[in-house]
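For reference, the structure is listed below as structure tokens.
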Amino acid sequence: MNHEPPPETSFYQLGVVRAAINTPIRRFRDEYRALYYPFESVAPLPNAVTVDVRPARRLLGRCLRYRIDVNGRFRFSPTKFHELLPYVEWAVNWELPRVMPEYLQLHASSMEFEGAGVIFAGDSGSGKSTLATALLARGWRYLCDEFALIHTASLQLHPFPRAICMKRSGDHILERLGLTTHRGPRYLKGVKGYVSFVNPLQVRPDAIGCPAPVRFVIFPSYSCGAEPTLVPVGRAEAALDLHRVCFNLFSCQRPGTDVLAEVVRGASCYRLQSGEIDQTCALLEDLVTGGTRSAVPRVRSLVAC
Amino acid sequence: MAVSTVASTIPPPFSASAPSAPPGCGSDGPSDRFRRRKDVTVHELDGEALLFHPLTANSHRLNATALLIWTACDGRNTAGDIAEQLLSIYEIDLPSALRAVESFLDELRRHDLLEATESGAGPTGISANHPAARGTA
């Protein structure tokens, strides 16, 4: 006998990304809503990425396996409830290159500071999310911790304010910045292990940035105890490195290399050796302000979960 | 998510790590002329360039010297001609320039960035449009 409640759909407008979460699992629906309630839309959103989350296998009333489909295609089958949220996030990300060809999509975090768009491009573990979180706490505005969405016509960076995903190694940073994580619990995210989510709007109510032209392209790498340094990098080299982290070079509306070349033409490009987080942030603030605003007051978390 | 392409940086022709080869040891003879592929997209950026090959989906970065050689691959110049052009810019001797040019042309060929052209020069590697060749014609 099937006691499964009927699925319900909730719609979310996350910057330029629209998501529809369709699930009969009330606990998950509540979990997702608690993280993204400021972005929930009462009205259905057309062309949303639709994520179906449902139990796939039960035993004695207990769910042994879940199933996640995106726009009708099977994507993941996690076995634990606390894997669901990271996998749903991942599933939405996975679909974006297909459904949003008007954006060139880079694996990078993106921030806005006083109208200037900044891309932090690097491999996993280079400190993109940590930097985004720390800069957000110091007054920068958040666009995304995992994507740089560049509109192929306007060449502007657009927001996709998903929750910031922090690995366990970033715990001490969150603690130092006085930031709280979503509901406290840990989520399990594949090879990254246990992660937590920081809701940018819980850092500051005006945390979400506006579309902005790309003025800086930064390639961070983290080394514990290193002196933070910025080294200029040539635009051709920067474009090549951005190419390496591009998700949809061939499926966006304009040739991806044309977009990348135009983006770097309008930007200053640097390699960042990041170290102690406050010094690193101060260095970046000196860069984007031309040295006129090196000490931005830190903003502490306004809302405790 | 996987990155959709593999990208590479073509080594600069005069870098210490660039492999050098004696003139004429590649698959082309000394009289061959070189032409860059027409379907390769080129973006010049601060004196360097980003090339994009639409068929292999690879991008390549050229430094200033590499860009100069690439530009010289217009279907009329041989390796010798291009090396001569480099002599007017860099303080190197002709054999060194020729080695570097041929090494770099090998690299371009390896990445399928050159089109085939017909041979049109004598055994010295000096083509018909080379000043030396014009002088003796």
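Restricting to region B:75-94, give me the number of residues that are among the hydrophobic types (A, V, I, L, M, F, W, C) and assigned to a loop (DSSP other than H, G, I, E, B). Walk me through how you get there before you give the answer.
Looking only at region B:75-94, we keep the residues that are among the hydrophobic types (A, V, I, L, M, F, W, C), and these are B:79, B:82-83, B:86-87, B:89, B:92, B:94.
Next cut, assigned to a loop (DSSP other than H, G, I, E, B) only: B:89, B:92.
Residues meeting the conditions: 2.
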Looking at (1) exposed (fewer than 12 other Cβ atoms within 10 Å of the Cβ); (2) within 18 Å of A:Glu83 (Cβ to Cβ); (3) touching a residue at least 40 places away in the same chain (Cβ under 8 Å), which is the only condition A:Ala34 fails? (1)
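Consider A:Arg73 carefully, then state whether it is over 25 Å from A:Val245 (Cα atoms), out of contact with any Gly (no Cβ under 8 Å at 6 or more places or on another chain) and not assigned by TED's automatic domain parsing to the domain that holds A:Arg215.
Details: over 25 Å from A:Val245 (Cα atoms): no; out of contact with any Gly (no Cβ under 8 Å at 6 or more places or on another chain): yes; not assigned by TED's automatic domain parsing to the domain that holds A:Arg215: yes.
Here the answer is no, as A:Arg73 does not meet what is asked.
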Among (1) part of a loop (DSSP other than H, G, I, E, B); (2) touching a Cys at 6+ places or on another chain (Cβ under 9 Å); (3) of a type in the set (Gly, Ala, Ser), where does A:Ser126 come up short? (2)
Test: residue in region A:144-166 that is surrounded by fewer than 24 Cβ atoms within 10 Å (Cβ to Cβ), basic (Lys, Arg) and outside the structural domain of A:Ala34 (by TED's automatic domain parsing): no
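Those residues that are at pLDDT 90 or above, touching a strand residue (DSSP E or B) at 6+ places or on another chain (Cβ under 8 Å) and not aliphatic (A, V, I, L, M), I need them from region A:63-78; list them, please. It would help to see each step written out before you state the result.
Taking region A:63-78 and keeping what is at pLDDT 90 or above, we get A:65-78.
Filter once more, so that each one left must be touching a strand residue (DSSP E or B) at 6+ places or on another chain (Cβ under 8 Å): A:65-72, A:74-78.
Those that are at pLDDT 90 or above, touching a strand residue (DSSP E or B) at 6+ places or on another chain (Cβ under 8 Å) and not aliphatic (A, V, I, L, M): A:Arg65, A:Tyr66, A:Arg67, A:Asp69, A:Asn71, A:Gly72, A:Phe74, A:Arg75, A:Phe76, A:Ser77, A:Pro78.
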Being touching a residue at least 24 places away in the same chain (Cβ under 8 Å) and more than 10 Å from chain A (Cβ to nearest Cβ) is the filter here, so list the residues in region B:36-52 that pass it. B:Arg36, B:Arg37, B:Lys38, B:Val40
Consider B:Ile69 against the criteria (1) out of contact with any Phe, Trp or Tyr (no Cβ under 7 Å at 6 or more places or on another chain); (2) of a type in the set (A, V, I, L, M); (3) away from every other protein chain (no Cβ under 14 Å); (4) in contact (Cβ under 8 Å) with a residue 24 or more places away in the chain: it satisfies all of them except one. Which criterion is unmet? (1)
Options A:Ser154, A:Ser124; residue that is within 14 Å of chain B (Cβ to nearest Cβ) and touching a residue at least 40 places away in the same chain (Cβ under 8 Å): A:Ser124
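Given the options A:Val191, A:Val203, A:Val233, name the one that is without any contact (Cβ under 8 Å) to a residue 24 or more places away in the chain, assigned by TED's automatic domain parsing to the domain that holds A:Leu131 and not acidic (Asp, Glu). Give the derivation first.
Working: A:Val203 fails: without any contact (Cβ under 8 Å) to a residue 24 or more places away in the chain; A:Val233 fails: without any contact (Cβ under 8 Å) to a residue 24 or more places away in the chain.
None of the others qualify; the one that does is A:Val191.
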Within region A:257-274, is even one residue within 8 Å of chain B (Cβ to nearest Cβ), part of a strand (DSSP E or B), surrounded by 17 or more Cβ atoms within 10 Å (Cβ to Cβ) and modelled with pLDDT under 95? no
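Taking region A:230-256, which residues are more than 10 Å from every other protein chain (Cβ to nearest Cβ), within 17 Å of A:Val214 (Cα to Cα) and assigned to a strand (DSSP E or B)?
Quick first cut of region A:230-256, residues more than 10 Å from every other protein chain (Cβ to nearest Cβ) only: A:230-233, A:252-254.
Among the residues that remain, those that are also within 17 Å of A:Val214 (Cα to Cα) are: A:232-233.
Selection gives A:Pro232 alone.
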Only one of A:Pro86, A:Pro101, A:Pro44, A:Pro55 is under 22 Å from A:Leu260 (Cβ atoms) and either in contact (Cβ under 8 Å) with a residue 60 or more places away in the chain or not assigned by TED's automatic domain parsing to the domain that holds A:Gln253 (or both). Can you tell me which? A:Pro101
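The values are calculated or read from the model by the stated rules, or taken from the named source; none is laboratory data. Fair warning: this is a prediction, and the values are worked out from it, not measured in the lab. Positions of Cβ are generated from backbone atoms using ideal geometry, with glycine treated the same way; all protein chains shown enter the neighbour counts.
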